[in-house]
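A short write-up of the structure that comes next.
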Amino acid sequence: MKLHPTPLNGCVVLTPTIFPDHRGYFYESYSKDDFNEVLGYDVNFVQDNESFSTKGTLRGLHFQKGNYAQAKLTRVVQGTVLDVAVDLRENSPTFGAHFSVELSSENKKQLFIPRGFAHGFVVLSDTAIFSYKCDNYYHKASESGIIYNDPTLSIDWKLPNDQLQLSKKDLELPGFKPLEL
């Protein structure tokens with residue numbers, strides 16, 4: 001597993017070691033010891049989530065507040081997505097900045113998003129299966145988010161606005177500036 005830093009401190013792209021042969025390929029998508037060694041500190045994942053979505057589905061930007069904040073390790077099992085992390089750490093030099101990366105079943109890259117970030121993704125392929133680990137359990141009362149098209153963040157979702165599909169809940173999220181963390 002190789003770690004590739006991003007401009008957002010603590011948010012990293014991981015590339016696994018793949019072992020291809022005439023039958024296909026094999027790789028470890030996650031090993032706690034290897035992951036923590038490469039990252040340089042311990043993360044204890046407690047929950048795995050998976051979603052199936054069609055092209056243009058945008059899920060996000062989501063986060064949990066306070067004691068229920070979550071770090072995530074994301075990957076794509078099938079298809080291609082644009083995965084986006086937004087730094088919400090008020091004391092961070094990159095507060096309000098975002099990073100995006102294409103994750104796919106082809107490149108097998110993963111994105112580690114530490115606590116203190118909002119997260120979202122959009123499906124770029126016809127369909128996608130998106131999988132992620134969380135280091136804290138879902139807690140409904142602590143969930144929050146930011147509207148996907150906030151002008152302050154200016155995220156390029158790589159698809160025209162008329163091709164995006166969002167839930168009613170995600171369309172009603174507040175903007176970045178009035179955000180209460």
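The values are calculated or read from the model by the stated rules, or taken from the named source; none is laboratory data. Treat the numbers as computed from the prediction; the structure is a model and nothing was measured. Note that we place each Cβ from the backbone using ideal geometry, even for glycine, and neighbour counts take in every protein chain shown.
Give the residue that is surrounded by the fewest Cβ atoms within 10 Å (Cβ to Cβ), with candidates limited to residues of the range 54-91 that are among the basic types (K, R) and in a strand (DSSP E or B). Full working, then the answer.
At the first step, the residues of the range 54-91 found to be among the basic types (K, R) are 55, 59, 65, 72, 75, 89.
Those still in the list that are in a strand (DSSP E or B) too: 59, 72, 75.
Details: R59: 20, K72: 25, R75: 22.
Only one residue tops the list, namely R59.
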Evaluation of E180 against (1) surrounded by fewer than 19 Cβ atoms within 10 Å (Cβ to Cβ); (2) modelled with pLDDT of 95 or more (one fails), failing number: (2)
Out of (1) in a loop (DSSP other than H, G, I, E, B); (2) out of contact with any Asp or Glu (no Cβ under 8 Å at 6 or more places or on another chain), the one T94 does not meet is (2)
Looking at N91, N67, which is the one that is on the phi < 0 side of the Ramachandran plot, without any contact (Cβ under 8 Å) to a residue 24 or more places away in the chain and out of contact with any Pro (no Cβ under 8 Å at 6 or more places or on another chain)? N91
Suppose we keep only residues that are of a type outside the set (A, V, I, L, M) and in a loop (DSSP other than H, G, I, E, B) within the range 97-122. Which one would you say is surrounded by the fewest Cβ atoms within 10 Å (Cβ to Cβ)? E106
Restricting to the range 131-147, count the residues that are within 30 Å of N44 (Cβ to Cβ) and not in a strand (DSSP E or B). 9
For the range 64-85, indicate whether the set of residues that are at pLDDT below 95 and among the polar types (S, T, N, Q) is non-empty. no
Please go through the range 38-91 and pick out each residue that is among the hydroxyl-bearing types (S, T, Y) and closer than 20 Å to V122 by Cα. S51, S53, T54, T57, T74, T80
Go through (1) among the acidic types (D, E); (2) in a loop (DSSP other than H, G, I, E, B); (3) in contact (Cβ under 8 Å) with a residue 40 or more places away in the chain and name the single condition E50 misses. (2)
For the range 7-29, which residues satisfy the criterion of being in contact with a strand residue (DSSP E or B) (Cβ under 7 Å, 6 or more places away or on another chain), part of a loop (DSSP other than H, G, I, E, B) and within 24 Å of Y68 (Cβ to Cβ)? L8, C11
Quick check on my filter: what residues within the range 17-52 are in contact with a helix residue (DSSP H, G or I) (Cβ under 9 Å, 6 or more places away or on another chain), loosely packed, with under 12 Cβ neighbours inside 10 Å and not polar (S, T, N, Q)? D42
For Y148, state whether it is under 19 Å from L14 (Cα atoms), in contact (Cβ under 8 Å) with a residue 24 or more places away in the chain and of a type in the set (F, W, Y). no
So which of S154, S144 is surrounded by 16 or more Cβ atoms within 10 Å (Cβ to Cβ) and touching a strand residue (DSSP E or B) at 6+ places or on another chain (Cβ under 9 Å)? S144
Anything in the range 162-174 that is among the polar types (S, T, N, Q) and either within 22 Å of K72 (Cα to Cα) or modelled with pLDDT under 95 (or both)? List them, or say none. S167
Tally up the residues in the range 19-43 that are over 23 Å from I129 (Cα atoms) and polar (S, T, N, Q), please. 1
